[in-house]
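Notes to accompany the following structure.
The values are calculated or read from the model by the stated rules, or taken from the named source; none is laboratory data. As the structure is a computational prediction, the values presented were derived from the model and not from experiment. What goes into the accessible areas is simple: the full protein's heavy atoms, side chains included, and nothing from ligands, DNA or RNA. Shrake-Rupley method; radii C 1.70, N 1.55, O 1.52, S 1.80 Å.
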Amino acid sequence: MTKNSFISVISHEEKEENRGSVEFQVFRFTNKIRRLTSHLELHKKDYSSQRGLRKILGKRQRLLAYLSKKNRVRYKELISQLNIRELKTR
């Protein structure tokens, strides 16, 4: 697994205070997604893990959609820091 640059952006104290923030939740979901993806590369027929991965992907997608509607600047910063999606132009 590769280290994520987003870890350095959020300090340890901020993690303790902002566990409910959208950015932190997306960060946690992204780590889970990467872990499950690497697991599924080894275990291709683990269908329960595939289902869990799809559920987490949907949750992260909904959170990112919410963030893009509420605060476009924070959304763009988060996307670039996590390197998870191409920026959509409107």
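Coupling constants for region 36-48 follow from the phi torsions by the Karplus curve (6.51 cos²θ - 1.76 cosθ + 1.60, θ = phi - 60°), and in residue order they are 5, 5, 5, 5, 6, 5, 8, 10, 5, 9, 7, 6, 5 Hz; glycine and proline get x.
Using only the Cα atoms of region 22-82, each taken as one equal point scatterer with no solvent, compute I(q) by the Debye sum, divide by I(0), and report log10 of the ratio at q = 0.12, 0.17, 0.18, 0.20 Å⁻¹. Relative scattering, expressed as log10 I(q)/I(0), comes to -0.33, -0.59, -0.64, -0.73.
Accessible area per residue for region 22-82, computed on protein heavy atoms with a 1.4 Å probe, is 66 Å². If you roll a 1.4 angstrom probe over the protein chains with everything in place, what fraction of the accessible area of region 22-82 belongs to carbon and sulfur, to the nearest %? Carbon plus sulfur share of accessible area: 52 percent.
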